[in-house]
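Okay, structure first, notes after.
Taken together, the values in this text are just the output of simple stated rules run on the coordinates, not laboratory data. Bear in mind that the values here come from a model prediction, so they are computed numbers and not experimental data. When we count neighbours, we look across all protein chains shown, and the Cβ atoms used for this are built from the backbone with ideal geometry, even at glycine.
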Amino acid sequence: MKRIILFDVDGTLTKARNPITKEFKAFLEALHEKVAIGLVGGSDLAKIQEQVGHDCVHKFDYVFSQNGLVAHKKGEHFHNQSFLEFIGEERLQALINFCLKYIADLKLPKKRGTFIEFRQGMMNVSPIGRNCSQNERDEFEKFDKEHNIRKTMISALREKFPDSGLSFAIGGQISFDIYPDGWDKRYCLKFVEGDGYDEIFFFGDKTYPGGNDHEIFEDPRTKGHTVTSPDDTMQQLKALFQL
Ligand code: M1P
């Protein structure tokens, strides 16, 4: 049996936007003796490396950043997808302008900077702004749970751009991702399948509808596991792989 475990990053291997613990890193090395491992994160590679280590592209069999829209296998970069080519400059500007105007009209406890991060394969939108501090992140996340800031903004985007072919998913604490339909985390599965794995496990925390782990978790090609924290991920792995 050729088996692989794919891991989400934030909330699964690490606390959101925090580094992996030494203990978890050592645990993954032991696990890797038994089974192939890969990362599939919504974030770009720089953020994943900040959290999981700059050597992660060599330590994991695959690193799928931006859902696999940018993909590395055994340290080699082998795939890039382009959001800009999909959407085109005109539609991109309509989307960005709408987001910025919407955010300009929001009243939040705090606003900082970098409301939009344009990436190779997707766009990331943050109502508070990506360069807020950790405390400000935590505060926004709590405020958002009470006031549904991100969910309401996503509904407004769906209403404004009804047949855009775009998906909107919440993967972290302060932002949501926009990408073409089908470019969610399932995107990476074609690469793994092509390499002949018989069993593909997936571990993620945002496996509910609207979360960025939902589609890959539900996909018939994976055995999906929902986790509540990095500790829970480790406990489930220990039970499953007798470690
Ligand atoms: O990996 C999950 C998400 O991590 C970040 O989310 P946030 O900054 O909101 O905590 C972002 O990089 C996001 O794109 C990604 O999906």
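Quick rundown of the values:
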quantity: Of residues in segment 9-34 being more than 11 Å from the ligand (Cβ to nearest atom) and of a type in the set (Val, Ile, Thr), the one farthest from Phe191 (Cα to Cα); calculated: Thr21
quantity: Search result, residues across segment 24-59 that are touching a residue at least 60 places away in the same chain (Cβ under 8 Å) and either part of a strand (DSSP E or B) or loosely packed, with under 15 Cβ neighbours inside 10 Å (or both); calculated: Ala30, Lys34, Ala36, Gly38, Val40
quantity: Matching residues, segment 85-127, being surrounded by 17 or more Cβ atoms within 10 Å (Cβ to Cβ), among the basic types (Lys, Arg) and in contact (Cβ under 8 Å) with a residue 40 or more places away in the chain; calculated: Arg119
quantity: Flag for Leu6 being in contact (Cβ under 8 Å) with a residue 60 or more places away in the chain, more than 13 Å from the ligand (Cβ to nearest atom), closer than 23 Å to Gly172 by Cα and within 14 Å of the chain's Cα centre (by Cα); calculated: yes
quantity: Listing of strands (runs of 3 or more DSSP E) fully contained in segment 74-156 that carry 1 or more residues being away from the ligand (no atom under 14 Å from the Cβ) and within 26 Å of Asn18 (Cα to Cα); calculated: 76-80
quantity: Exclusive hit being surrounded by 20 or more Cβ atoms within 10 Å (Cβ to Cβ) and either within 24 Å of Thr228 (Cβ to Cβ) or free of Cβ contacts under 8 Å to residues at least 60 places away in the same chain (or both), set Arg158, Arg130, Arg150; calculated: Arg150
quantity: Test result for Asp213, farther than 15 Å from Gly41 by Cα and among the acidic types (Asp, Glu); calculated: no
quantity: Pair list, Cβ < 6 Å and 6+ apart or interchain, from segment 162-173 residues that are aromatic (Phe, Trp, Tyr) to residues that are near the ligand (Cβ under 8 Å from one of its atoms); calculated: Phe168/Phe176
